[in-house]
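The values are calculated or read from the model by the stated rules, or taken from the named source; none is laboratory data. As the structure is a computational prediction, the values presented were derived from the model and not from experiment. Please note: Cβ atoms are built from the backbone with ideal geometry, for glycine as well, and neighbour counts cover all protein chains shown. Surface areas here come from the heavy atoms of the whole protein model, side chains and all, with no ligands, DNA or RNA. Shrake-Rupley method; radii C 1.70, N 1.55, O 1.52, S 1.80 Å.
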Amino acid sequence: MPSLKLRFNFSGFHPCCYCCSTPKIPSFTSFQSEANIKSTMDRLTSAARLMIVSDLDYTMIDHHDPENLSLLRFNALWEANYRENSLLVFSTGRSPTLYKELRKKKPMLTPDITIMSVGTEITYGNSMLPDDGWEAFLNDKWDRKIVTEETKKFTELTLQLDVKLIYSGGMALDILPQGAGKGQALAYLLKKLKSEGKLPNNTLVCGDSGNDAELFSIPDVYGVMVSNAQEELLQWHAANAKDNPKVIHATERCAAGIIQAIGRFNLGPSTSPRDVTDMSDSKMENFVPAYEIVKFYLFFEKWRRGEIENSDLYLANVKAVCRPSGTLVHPSGVEKSLEECVNTLKKCHGNKKGKQYRIWVDQVLPTQVGSDSWLVSFKKWELCGEERQCCITTVLLSSKNVTVADGLTWTHVHQTWLQGVESASDSTTWFF
């Protein structure tokens, strides 16, 4: 019998009340002017095509998958097809500290929104700026100091808590304020987005344990319980949502189950670029800059892992999509021609074979800067064993004089090391 973990998740809210009722979701009029939140919500000028709200441990992240393949498959799918016009939300029971520790261990994407501590904290973007409106809602009309001082005058009073208890994972008991929880946090976000005229076209919630059950009770959302879901969530589903056609129990584990649900509900593309065996087989009808970026770095990973043939034809194909006069500014500051960079690939074929070497790109965001050109910014990550490196990358792509089948032309690449992440010591160990 595993030991029971008690997790008190109150964020700014510290209940010690003697009598209180469940609060209502507040009006959003007073919160719409908060610059620290609105700046992160304004990345999309209209409603998100899809919003995925996913638990992390054993839902998005499979701790039994040392290669992180299902997560990497999801990453490639999301960045190639969804990042530009959709929202990614992580909803976790982890505190901010434990969440940041997980990010250092796993090849995770950066979410647009992070819900932590089982719905008691909401933050936005890279800087994880807190949602002051949500914190104010949880703390509404509550001052622990005043209540404590006043009640000390009456010795006959007994301290009570008006809380919500959630048992999950067979080992965790979450104790939350009544107004908090993953479900209430999502309801808050949806109402905020609706008030701004940006209610997502579709929302998919994903979970595996008891503290995810509230997500599936939100009206009009799609839901997937991954194949490895805990028994308490399956029992909740049998009792509360078994007749809901919008909620399924996937046959795939973790992130693979999320991909399966995207396809099952026809929410958009559901074939990860990592699952495409012939990367030259493009069925795109239009130029998709994000897909081009993902495709190139997947080729680069397979090349260095020795998973594709050391063929001059492959290098010729790479050289064909690089402008002859194109340049690359290495993170070290060294400037090289793109042609020179392609030529160096010959030397590094298979040099990561047999190693836990992976590449993924994060926050791939294209901006059209001309009738036939796009500026694409993203983070490019490399992982080899326990060592990881990252650079902020900007690529100028052009569609001039090429077809969709040819692919976009790379005209300029500029990279800088991401602060706080270990960087390569010289320009010879970091390619593209």
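A few points about this structure:
- Any hit, segment 395-402, residues being of a type in the set (Ser, Thr, Tyr), within 27 Å of LEU77 (Cβ to Cβ), touching a strand residue (DSSP E or B) at 6+ places or on another chain (Cβ under 8 Å) and not in a strand (DSSP E or B): yes
Each row is one residue, and each column tells you yes or no for (1) open to solvent by 30 Å² or more (accessible area, probe 1.4 Å); (2) at pLDDT below 95; (3) assigned to a loop (DSSP other than H, G, I, E, B); (4) on the phi > 0 side of the Ramachandran plot.
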| residue | (1), (2), (3), (4) |
| --- | --- |
| ALA80 | no, no, no, no |
| ARG103 | yes, no, no, no |
| PRO111 | no, no, yes, no |
| TRP134 | no, yes, no, no |
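Condition check ((1) more than 16 Å from THR59 (Cβ to Cβ); (2) without any contact (Cβ under 8 Å) to a residue 60 or more places away in the chain; (3) of a type in the set (Asp, Glu)) across all residues:
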| residue | (1), (2), (3) |
| --- | --- |
| GLY93 | no, no, no |
| LYS100 | yes, yes, no |
| LYS104 | yes, yes, no |
| LEU109 | no, no, no |
| SER117 | yes, no, no |
| GLY125 | yes, no, no |
| GLY133 | yes, no, no |
| ALA136 | yes, no, no |
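- One residue stands out among those in segment 351-390 that are among the hydroxyl-bearing types (Ser, Thr, Tyr) and in contact with a strand residue (DSSP E or B) (Cβ under 9 Å, 6 or more places away or on another chain): the one that is surrounded by the fewest Cβ atoms within 10 Å (Cβ to Cβ), which is THR367.
- Scanning segment 82-101 for residues being acidic (Asp, Glu) and outside any helix (DSSP H, G or I) gives a total of 1.
- Answer residue from segment 187-203, given it is touching a Leu at 6+ places or on another chain (Cβ under 6 Å) and among the aliphatic types (A, V, I, L, M) and is farthest from GLU252 (Cα to Cα) among those: LEU193
- Identity of the residue in segment 232-287, open to solvent by 80 Å² or more (accessible area, probe 1.4 Å), touching a residue at least 60 places away in the same chain (Cβ under 8 Å) and of a type in the set (D, E, K, R), that ends up farthest from VAL53 (Cα to Cα): GLU285
- All conditions in (1) surrounded by fewer than 17 Cβ atoms within 10 Å (Cβ to Cβ); (2) among the small types (Gly, Ala, Ser); (3) over 27 Å from ASP42 (Cα atoms) hold for GLY197, with the sole exception of (3).
Okay, residues lined up against (1) at pLDDT below 95; (2) out of contact with any Ser or Thr (no Cβ under 8 Å at 6 or more places or on another chain):
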site	(1), (2)
MET225	no, yes
GLU232	yes, no
ALA256	no, no
SER270	no, yes
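- Qualifying residues in segment 200-231 (those that are of a type in the set (D, E, K, R) and surrounded by 17 or more Cβ atoms within 10 Å (Cβ to Cβ)) - the one farthest from TYR58 (Cα to Cα): GLU214
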